[in-house]
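Okay, structure first, notes after.
Laboratory data are not the source of any read-out in this text; all were calculated from the coordinates shown. Remember, it's a predicted structure, so these values are computed and weren't measured experimentally. Heads up, the Cβs are rebuilt from the backbone with ideal geometry, glycines too, and the neighbour counts pull from every protein chain shown.
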Amino acid sequence: MIASLVSACAAATSYASRSLDIRSDGDEVLGCLPHDADEIVEVADAAVYPARLGGRDLPPAWEITLTAGNPPLRLNPGECLTYGKLPDGYDNASPPSEIQDEWPYEFVIRSPTWGRYRTRIHASDFCFRRLDGEAEVVKVPAGPSLTTVESCRELFDAANGSLGWGS
């Protein structure tokens, strides 16, 4: 339900979403404001959603929402929200579940206020896998293509080669 609300909110109230940097640190997946972002973003809610592919509908991997009466978390440029970690003042709308290897996901942060670029949504698609017990992510390049398990594998192959995409 929150996925529908976030998507509807993005389409109805934002000109376009702003990109997040997606990276890993040990076994953690991080959704970060780019270092060159020129605004502070308050967090109303956030989520990691799996792509629906081939009729396979995975449950939301994680959803959080700000509880009434609490001030929102404020992310400065370069600061991150960690998948599965519940910031103070937030509730799990959907507790963290296991992220599937080589499956495409979207990390979404929604602000309660309009940002400098007339958006409330900060989001990026990424692929995930575990390698030697560590999380590895690769951000999906922006564009109109559909990200699949096969394209995730290709992105990981490219990241480990010379094309420079990476975790």
| query | What residues have an amide H closer than 5 Å to that of residue 18, excluding those fewer than 5 places away on the same chain, when H is modeled at 1.01 Å from N in the peptide plane? | reply | 121, 122, 123
| field | Cα-based shape type of the stretch 33-93, given that a ≥ b ≥ c are square roots of the gyration tensor eigenvalues and the cut on a/c is 1.5 | value | oblate
| Calculated FRET value between residue 148 and residue 98, using beta carbons and R₀ = 30 Å, to 0.05 | 0.90
| request: For the stretch 18-160, state what percent of all Cα-Cα pairs lands in each successive 5 Å bin, counting from 0 Å until the bin that includes the largest distance. | output: 2, 10, 19, 22, 20, 14, 8, 3, 0, 0
| query | Residues with amide H under 5 Å of residue 44's amide H, sequence separation 5 or more or different chain, H placed in the peptide plane at 1.01 Å from N; which? | reply | 110, 111
